[in-house]
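Participant: Sharing a structure, written as structure tokens. Questions coming.
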Amino acid sequence: MRVLFSFLSSSSLPRRAQARFLHIISASVGLFLPSIRGFSFLLLCVLTTLHASAARVIDDFSYDSPSAARQAWQARNDSPNVVPVPPPVTGLTFPVPFRKPIDRVYWDRAVSADLSRYDVITLDLTCDHPRAMRSLAVYFKSGDGWYVWNRSLPRTGRQSIRMLKSDFQTEGRPAGWHRIEAIRISPWKGEARDTQLILHSLTAHATSIFIMQGTTSAPDDAERTASRRATQRISRWLTDMNISHGVITDEQLTADIVQRARLIILPYNPNLSPDQRRHLRSFLRHNGKLMVFYSADAELASMMGLRLGEYMQTRDRARWVSFSFDEPAPWRVPPRVYQESWNIRPAHPAAKDSRVIAWWENMEGKRDAEPAWTASPHGLWMSHILLQSDNENKRTMLAGLVGRYVPDVWRDVARAELERVGTIDSFTSFDQAVTSLSRLAARSPEKMQIRRLLDKAREQHRRMIILYEAERYPEVVSMSRSAMHALTEAYARAQQPKTPERRGVWDHGGTGLYPGDWDRTAKLLAEHGFNTIFPNMLWGGVAHYESRVLPRSETFRLYGDQIELCVRAAQKHGLDVHVWAVCWNLTGAPPDFVERMRREGRLQVDAGGRTIPWLNPAHPDNRRLLIDSLMEIADRYPIQGLHLDYIRYPHANACYSDYSRKAFAEWLGRPAAGWPGSVQPGGNLAEPYRRFRVDQINLTVRGIKRQIGEKHPDLEISAAVFGGYPEIVDSIGQDWAAWLKRGDVDFIVPMNYTTDPNRFGTLTRTQMNLPGARGNIMPGLGVTASESQLTADQVIEQIVIARELGAPGYLLFDLNITLAREILPMLRLGLTRDE
């Protein structure tokens, strides 16, 4: 046995092949030598050792004495010394004295480690007051530089932080992961309070699951950005489900990865190179599995036993809004997953053992003729990328699909679900959630129903523990969803309504949830206790209504005048309408309109001379176009408000057009010598130019309020703004606090998009304390934003925080299926129910 283990440990066989070899040996010995007792146990030890070799404990934070701990982890820059944790807990305490006027503390440990063959690093820690730290940084020194991971802690208490190598940034010139010479732990100051970090273990892991971000396979920057975002979404969902994985790029697909991997996920890799196909063909020959999203690579499809179909596009928002699985139970996936897709590239079965397992559906749940997911013995193919929506179902779906090909993940997923169940609101455990909700139930008119739900959750939690001990891990995951739903419903029913209160929803599509049927959307919102809708009816160069100022959109052609139809339905169901106007941004504008703006010198330009498809706020014709389009709406439609969005510059690197130079020189009263370098950061005119940009936006807002207000004094003017004030004044020229102070707007909606309730509270409190802000701040919640995706309990918690801080209302982003099916019904049980 020692010879066998030595051979396998030193061999170049991939771990997948080693395991198959051992199982063959086991079966053979069991057949011919049944009298050899203990062989199975020894074989299990070998398998366990091989599995353990996929992980390396860098530090278990167990030291014989305080002096040994201090010698290993040396305090730097007057940071306090580390202290061993008393038994029975194993760990090392890193004191974080942020009551003092310091910005960081840090400790270094010298090591000599080759981490090149590991993909993920996990840090097991405990922190009772994470708000004291705006972030925790973990550094690995290599040569003349560092690899740096820097994030905020997601919650209070004990937790395992998973750090993918792809999440690390570099400082200086690191020599490589094969040459790690030191480790640094560095908390950065948040709130002015003391806390401590207890570190329990730091471990490097090799994984057999990889996501391959499209880089060389994507044809341009826009496509590479799409692939990066798709990669980040899938990685986040896998991390949420406690599935260990690595992230590589197209260029990093090597023979080593092919040998180690069992599953490779291609989130969006449109056209692979011949070398990449060669590696993947070898991977498939050795029984590896692929999960491919929205590829245009017909040869890859053929390698998987599939036939790539034609690219398809729809302008009908209601056509592809969900997909349903034929047999969800064997795949351990939800029956239906919601996603609004505009483009697909289906793959069809091309062999007897390939088949469609999920189909697209329309808004009414009617099945489309096009496949959403196709399976073959070589893996899976989805006809679009996974978009940012229906996150809970997508997490569960990915766990089921990955678990199908890598069953080892189920134990980790089940363990994470056991730990996660009950972590609604800011509760950190199941017992705390049940105890707290029981207290809330005692004061609620819904107390009997809440208690029944808590009893149901207790029974399901008990069953989860039994199932876990019986190693029935997929059933633990299914039971967890049911238990969490019961707890969330109990939490929702324990809330109280408040009136008066503005309850609004942004509608980014501008057609309502059901295109062509505004009455249905208005009825839905009214029935769930909402009283205001903010429909996106115009952009800088296109309108969804019968405009005489802006070009009319395809939406207008397909569905008619959206403002007229929206207002008619809103009046019927008692809703206010605040028309949402995207300023300056020319997304969706006809190409000839954009070209005319370019020829007339009305577009923005970055420092490199590249045209930005945004109208220049400094150009008076652009300000007039915006005000005319808003006045047209105010004159023709009986609405209650106008809601400004993108009322800013796109970023700090704009605008450096010839017209901006001319306008700035006129504002300055002298030529702008050295343009554009003189107005960029560090230039002698940088500060005057910063004020100039702010003035252009202020002038626009003031003009809108004055001209609209003179003719329509009862019409409210509001704006959706970035929440990080005052930093945004310099970066995008958006001084919205000044608008409030001068009365240029009636209320402000800061987009406080975050999953962290503490961050949400801090942002909202800071905003409410600005001059003129009290009673005029209605925070926006990023329910399905790119920056944050909130579950129903998180939405409830943030609304409660907003109420406690005195906000007169709130807005939810965005009107979609997830909001309609998962969020609004829970709010109606408590926060928005009729009094």
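The values are calculated or read from the model by the stated rules, or taken from the named source; none is laboratory data. Since we're looking at a predicted model, the values are computed, not measured. All Cβ positions, even for glycine, are placed from backbone atoms using ideal geometry, and neighbour counts span all protein chains on display. These area figures cover heavy atoms from the full protein model, side chains too; ligands, DNA and RNA do not enter into them. Shrake-Rupley method; radii C 1.70, N 1.55, O 1.52, S 1.80 Å.
Participant: Kindly establish whether Trp359 is open to solvent by 40 Å² or more (accessible area, probe 1.4 Å) and modelled with pLDDT under 95.
Facilitator: no
Participant: Looking at the stretch 562-597 only, could you name the residues that are of a type in the set (D, E, K, R) and either in contact with a Ser or Thr (Cβ under 6 Å, 6 or more places away or on another chain) or buried (at least 19 other Cβ atoms within 10 Å of the Cβ) (or both)?
Facilitator: Of everything in the stretch 562-597, just one residue is of a type in the set (D, E, K, R) and either in contact with a Ser or Thr (Cβ under 6 Å, 6 or more places away or on another chain) or buried (at least 19 other Cβ atoms within 10 Å of the Cβ) (or both), namely Asp576.
Participant: Still on this structure: Checking Thr428 against (1) open to solvent by less than 60 Å² (accessible area, probe 1.4 Å); (2) touching a residue at least 24 places away in the same chain (Cβ under 8 Å), which single condition isn't satisfied?
Facilitator: (1)
Participant: Every residue in the stretch 804-835 that is basic (Lys, Arg) and either within 27 Å of the chain's Cα centre (by Cα) or on the phi > 0 side of the Ramachandran plot (or both), please.
Facilitator: Residues satisfying the conditions are Arg821, Arg828.
Participant: Return the residues of the stretch 804-834 that are over 22 Å from Asn391 (Cα atoms), of a type in the set (A, V, I, L, M, F, W, C) and open to solvent by less than 20 Å² (accessible area, probe 1.4 Å); say none if nothing qualifies.
Facilitator: Those that are over 22 Å from Asn391 (Cα atoms), of a type in the set (A, V, I, L, M, F, W, C) and open to solvent by less than 20 Å² (accessible area, probe 1.4 Å): Ala807, Leu831.
Participant: Shifting gears a bit: Using the structure shown, decide if Gln276 is assigned to a helix (DSSP H, G or I) and open to solvent by less than 40 Å² (accessible area, probe 1.4 Å).
Facilitator: It is true that Gln276 is assigned to a helix (DSSP H, G or I) and open to solvent by less than 40 Å² (accessible area, probe 1.4 Å).
Participant: When you check Ser788 against the structure, is it out of contact with any helix residue (DSSP H, G or I) (no Cβ under 8 Å at 6 or more places or on another chain) and modelled with pLDDT of 95 or more, yes or no?
Facilitator: no
Participant: Still on this structure, please answer the following. Are there any pairs, at least 6 apart or on different chains, whose C-beta atoms fall under 7 Å, with the first in the stretch 72-85 and more than 15 Å from Phe98 (Cα to Cα) and of a type in the set (Gly, Ala, Ser) and the second open to solvent by 30 Å² or more (accessible area, probe 1.4 Å) and not in a loop (DSSP other than H, G, I, E, B), and if so, which?
Facilitator: Ala72/Arg109
Participant: Scan the stretch 206-226 for residues that are open to solvent by less than 10 Å² (accessible area, probe 1.4 Å), touching a strand residue (DSSP E or B) at 6+ places or on another chain (Cβ under 9 Å) and farther than 21 Å from Asp390 by Cβ and report the count.
Facilitator: Going residue by residue through the stretch 206-226, those that are open to solvent by less than 10 Å² (accessible area, probe 1.4 Å) are 209-212, 214, 217-218.
Now narrow it down to the ones that are touching a strand residue (DSSP E or B) at 6+ places or on another chain (Cβ under 9 Å): 209-212, 214, 217.
Those left that are additionally farther than 21 Å from Asp390 by Cβ: 209-210, 212, 214, 217.
Counting residues in the stretch 206-226 that are open to solvent by less than 10 Å² (accessible area, probe 1.4 Å), touching a strand residue (DSSP E or B) at 6+ places or on another chain (Cβ under 9 Å) and farther than 21 Å from Asp390 by Cβ gives 5.
Participant: Oh, and also: Working only within the stretch 488-517, note down all residues that are surrounded by fewer than 21 Cβ atoms within 10 Å (Cβ to Cβ) and in contact with a Phe, Trp or Tyr (Cβ under 6 Å, 6 or more places away or on another chain). Spell out the reasoning first.
Facilitator: Kept after step one, since they are surrounded by fewer than 21 Cβ atoms within 10 Å (Cβ to Cβ), are these residues of the stretch 488-517: 496-502, 508-509, 514-517.
Across the stretch 488-517, the qualifying residues are Pro515, Gly516.
Participant: A further question on this structure: Could you list, in sequence order, all residues of the stretch 747-771 that are farther than 16 Å from Pro808 by Cα, open to solvent by less than 50 Å² (accessible area, probe 1.4 Å) and hydroxyl-bearing (Ser, Thr, Tyr)?
Facilitator: Tyr753, Thr754
Participant: Sort out which residues of the stretch 729-741 are crowded, with 19+ Cβ neighbours inside 10 Å and either under 25 Å from the mean Cα position of the chain (by Cα) or assigned to a loop (DSSP other than H, G, I, E, B) (or both), and write them in order of number.
Facilitator: Ile732, Gly733, Gln734, Asp735
Participant: Take the stretch 648-671 and flag every residue that is among the basic types (Lys, Arg) and more than 36 Å from the chain's Cα centre (by Cα).
Facilitator: Scanning the stretch 648-671 gives Arg661, Lys662, Arg670.
Participant: Hey, can you tell me all the residues within the stretch 419-438 that are modelled with pLDDT under 90 and small (Gly, Ala, Ser)?
Facilitator: Ser426 - this is the single residue of the stretch 419-438 that is modelled with pLDDT under 90 and small (Gly, Ala, Ser).
Participant: Select from the stretch 526-574 the residues that are among the acidic types (Asp, Glu) and closer than 16 Å to Leu630 by Cβ and list them in ascending order.
Facilitator: Glu546
Participant: Only one residue in Asp714, Asp744 is open to solvent by 50 Å² or more (accessible area, probe 1.4 Å), of a type outside the set (Val, Ile, Thr), part of a loop (DSSP other than H, G, I, E, B) and within 25 Å of Val577 (Cα to Cα), so which one is that?
Facilitator: Selected residue: Asp714, the only one of Asp714, Asp744 that is open to solvent by 50 Å² or more (accessible area, probe 1.4 Å), of a type outside the set (Val, Ile, Thr), part of a loop (DSSP other than H, G, I, E, B) and within 25 Å of Val577 (Cα to Cα).
Participant: Enumerate the strands (runs of 3 or more DSSP E) found wholly within the stretch 114-166, keeping only those where 3 or more residues are open to solvent by 50 Å² or more (accessible area, probe 1.4 Å) and within 17 Å of Asp194 (Cα to Cα).
Facilitator: Working: elements: 120-127, 133-151, 157-164.
Hits in the stretch 114-166: none.
Participant: Check the stretch 685-693 and report whether any residue there is open to solvent by less than 10 Å² (accessible area, probe 1.4 Å), of a type in the set (A, V, I, L, M, F, W, C) and either at pLDDT below 95 or within 37 Å of the chain's Cα centre (by Cα) (or both).
Facilitator: Yes; the residues of the stretch 685-693 include at least one that is open to solvent by less than 10 Å² (accessible area, probe 1.4 Å), of a type in the set (A, V, I, L, M, F, W, C) and either at pLDDT below 95 or within 37 Å of the chain's Cα centre (by Cα) (or both).
Participant: Here's a follow-up. If we scan the stretch 368-377, do we find a residue that is in contact with a helix residue (DSSP H, G or I) (Cβ under 8 Å, 6 or more places away or on another chain), within 20 Å of Ile234 (Cα to Cα) and open to solvent by less than 20 Å² (accessible area, probe 1.4 Å)?
Facilitator: No: zero hits.
Participant: For the stretch 403-418, give me each residue that is modelled with pLDDT of 95 or more and of a type in the set (Gly, Ala, Ser).
Facilitator: Correct list: Gly403, Ala414.
Participant: In a loop (DSSP other than H, G, I, E, B), farther than 19 Å from Gln640 by Cβ, in contact (Cβ under 8 Å) with a residue 40 or more places away in the chain and open to solvent by less than 50 Å² (accessible area, probe 1.4 Å): is that true of Tyr545 in this structure?
Facilitator: Here the answer is no, as Tyr545 does not meet what is asked.
Participant: Which number in (1) over 30 Å from Ala719 (Cα atoms); (2) under 28 Å from the mean Cα position of the chain (by Cα); (3) surrounded by fewer than 22 Cβ atoms within 10 Å (Cβ to Cβ); (4) of a type in the set (Gly, Ala, Ser) marks the one condition that Ala442 misses?
Facilitator: Ala442 satisfies all of (1) over 30 Å from Ala719 (Cα atoms); (2) under 28 Å from the mean Cα position of the chain (by Cα); (3) surrounded by fewer than 22 Cβ atoms within 10 Å (Cβ to Cβ); (4) of a type in the set (Gly, Ala, Ser) except (2).
Participant: Name the single residue, out of those in the stretch 508-527 being over 26 Å from the mean Cα position of the chain (by Cα) and assigned to a loop (DSSP other than H, G, I, E, B), that is nearest to Gly574 (Cα to Cα).
Facilitator: My answer is Asp517.
Participant: Counting just the residues of the stretch 221-264 that are among the charged types (D, E, K, R) and more than 23 Å from the chain's Cα centre (by Cα), which one comes out nearest to Gly379 (Cα to Cα)?
Facilitator: Within the stretch 221-264, the match that is nearest to Gly379 (Cα to Cα) is Arg262.
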